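Colleague: Have a look at this one.
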Amino acid sequence: MLRIKARHIQVSTPDQANEVMLKWQQGASFEELARAYSECPTARQGGSLGAFGPGHMAPELEPVFIEGDIGSLYGPVATAHGYHLVEVIAREDNST
């Protein structure tokens, strides 16, 4: 079974997401950005979503979780909850 570890920052507008993305590109810590900007309760954990399998998060985010490069920041991705910046930390397939 595929297990994914990821973190995210959820904001209300694409402009906010782009502003946070720029700060990350300039070297700001993901965890600090999540704590400062994210509107999701995961902000307290630096945006950590923990470990999960396919189908457990918003479907709009699924392609990033399954195909995104480890350590790259993707977004903004729009969902019903807002705009997300997503980083895949690890991906493991334990089905073998």
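Values quoted throughout were computed directly from the atomic coordinates according to the rules given, and no laboratory measurement underlies them. Here the structure is a predicted model, which is why all the values come from computation and not from measurement. In this analysis, Cβ positions are derived from the backbone assuming ideal geometry, glycine residues included, and neighbour counts consider all displayed protein chains.
Colleague: Where the centre of each part is set by its Cα atoms, how far does the stretch 64-96 sit from the stretch 4-46, in angstrom?
Modeller: First find each Cα centre; the distance between them is then 13 Å.
Colleague: Of all GluC sites (Glu not before Pro) in the stretch 1-45, which ones are in loop regions per DSSP and have a Cβ with at most 15 other Cβ atoms within 10 Å?
Modeller: Within the stretch 1-45, the qualifying GluC sites (Glu not before Pro) (loop, at most 15 other Cβ atoms within 10 Å) are Glu39.
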